[in-house]
């Protein structure tokens, strides 16, 4: 059904101020060290012309990994193209974490000879970590990490100790690029599945998180304490859910999970920031073993799909208020689908979800969203190794250039064809910037403009929602000679009536 929107910028009421670095991202620990990560989809699977299918096995998902994963070399964080494109997104937080971070040994003196010590999964060299620090410094970012907490460091009954963490923090400080924030571990509610010692329980976790943050505040008092970095649990449904009480979602893979209360209730060392992870569900790679945790491409512009990120936020706000009242809320991993992203994650179709998450989150609370990832797998802003920007890169680049930190109440209910958000102008001038997402794929949305505006309309090339190239006011967004960014120019829009085509995202600067 077609929607009609009447914009009234002069009567907007401010809701809140939000973090200017709200749009940030992850660099996977597995990228830094090199190692296994998700195999890329084929061009035909990305375009939706070839089905992606994995035959389930009675041996479980671990037996399927050989077909879903491949070994990658470490990322080149000195690459000029990567650094240039990353710097354009700034200022940002860079999170270097992930499941691998929980199981990484820091071999800064080169004693292992590349052989992984028992109880760890991989090795980080001094040169690799300095590469991270040089990258963070070069793009003017802030750095957040998580630390090792695995069988190689201690058993479940033995308390966590800082022998490994001290290596990471001291080298960073000595090098002049200190770690600005830290989570104890990545996705601790998955317990042993995330790499913890055998027999690890929520009680062990609470003990060890307190030990870590006590040590951190004593030795690195300027570092922000962030947690608990959970994924799932807390009555959150991955995917569409199921009427079957046995599920069919992510719970099938995790035999020993817990929720936020299990991880935080009774801890004595307070957090500075509350964090959680959000994914709409799981990708096609995992859909055969978790069918109810996967959304199809046909759902990717629907109201239930786009509302998922905001439901996560609404669920965690009261938990934040309970455990860290008044604090910012950070989504330290965010993306369309766990398992490396859906087949359409690298296309224009995912731009609607990305911009809707940014607009909706800032209308509900203040914090930082760490997109997963900068340049790894199909959900990366940039294509792996070649670092070509995908549609989501240009979408968040526009967000960061246009949307200021004051958030306004549009007084417009979210509905199909009319997802409307309003911020102050990033350039500091008086006025307002509207973001209007027409997620209807069949009907235009009519907007009544009370004054002239600058218009930036995003769409899939040739009207294709699954296009790998996005257009701005009809012009393809691709790099030019010497990897130069295209000029992100608006079109002048006179006051009056404006028609927004189906499946488009439009910024209006007034």
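The values are calculated or read from the model by the stated rules, or taken from the named source; none is laboratory data. Bear in mind the structure is a predicted one, so any value in this text is a computation, not a measurement. Here the Cβ is made from the backbone with ideal geometry for all residues, glycine too, and neighbour counts use every protein chain on show.
So here's what we get for this one:
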{"quantity": "Close pairs from region 170-184: first at positive phi and in contact (Cβ under 8 Å) with a residue 24 or more places away in the chain, partner assigned to a helix (DSSP H, G or I) and surrounded by fewer than 17 Cβ atoms within 10 Å (Cβ to Cβ), Cβ under 9 Å, at least 6 apart", "calculated": "176/137"}
{"quantity": "Residues located in region 469-491, provided they are exposed (fewer than 10 other Cβ atoms within 10 Å of the Cβ) and within 27 Å of the chain's Cα centre (by Cα)", "calculated": "484, 487"}
{"quantity": "Residue within region 377-394 that is in contact (Cβ under 8 Å) with a residue 12 or more places away in the chain, touching a helix residue (DSSP H, G or I) at 6+ places or on another chain (Cβ under 9 Å) and over 29 Å from residue 52 (Cα atoms) present", "calculated": "no"}
{"quantity": "Odd one out for residue 503 among (1) more than 17 Å from residue 354 (Cβ to Cβ); (2) buried (at least 17 other Cβ atoms within 10 Å of the Cβ); (3) in contact (Cβ under 8 Å) with a residue 40 or more places away in the chain; (4) within 29 Å of the chain's Cα centre (by Cα)", "calculated": "(1)"}
{"quantity": "Test: residue in region 449-457 that is under 26 Å from the mean Cα position of the chain (by Cα) and within 18 Å of residue 393 (Cα to Cα)", "calculated": "yes"}
{"quantity": "All positions within region 133-149 that are in a loop (DSSP other than H, G, I, E, B) and either surrounded by fewer than 22 Cβ atoms within 10 Å (Cβ to Cβ) or modelled with pLDDT under 95 (or both)", "calculated": "140"}
{"quantity": "Residue check for residue 364: modelled with pLDDT of 95 or more, more than 28 Å from residue 34 (Cα to Cα) and surrounded by 22 or more Cβ atoms within 10 Å (Cβ to Cβ)", "calculated": "no"}
{"quantity": "Unmet criterion (only one of (1) in contact with a strand residue (DSSP E or B) (Cβ under 9 Å, 6 or more places away or on another chain); (2) part of a helix (DSSP H, G or I); (3) free of Cβ contacts under 8 Å to residues at least 60 places away in the same chain) for residue 130", "calculated": "(1)"}
{"quantity": "Selection status of residue 188, under 23 Å from residue 271 (Cβ atoms), loosely packed, with under 15 Cβ neighbours inside 10 Å and touching a helix residue (DSSP H, G or I) at 6+ places or on another chain (Cβ under 8 Å)", "calculated": "no"}
{"quantity": "Long-range neighbours under 6 Å by Cβ, at least six apart or interchain, first residue more than 16 Å from residue 209 (Cβ to Cβ) within region 139-150, second part of a loop (DSSP other than H, G, I, E, B) and modelled with pLDDT of 95 or more", "calculated": "141/92; 142/180; 143/179; 143/180"}
{"quantity": "Any hit, region 87-107, residues being surrounded by fewer than 22 Cβ atoms within 10 Å (Cβ to Cβ), modelled with pLDDT of 95 or more, more than 25 Å from the chain's Cα centre (by Cα) and in a helix (DSSP H, G or I)", "calculated": "no"}
{"quantity": "Residue in region 42-65 that is surrounded by 16 or more Cβ atoms within 10 Å (Cβ to Cβ) and touching a strand residue (DSSP E or B) at 6+ places or on another chain (Cβ under 6 Å) present", "calculated": "no"}
{"quantity": "For residue 160: the one exception among (1) in a loop (DSSP other than H, G, I, E, B); (2) touching a strand residue (DSSP E or B) at 6+ places or on another chain (Cβ under 9 Å); (3) surrounded by 18 or more Cβ atoms within 10 Å (Cβ to Cβ)", "calculated": "(2)"}
{"quantity": "Odd one out for residue 191 among (1) in a helix (DSSP H, G or I); (2) at pLDDT 95 or above", "calculated": "(2)"}
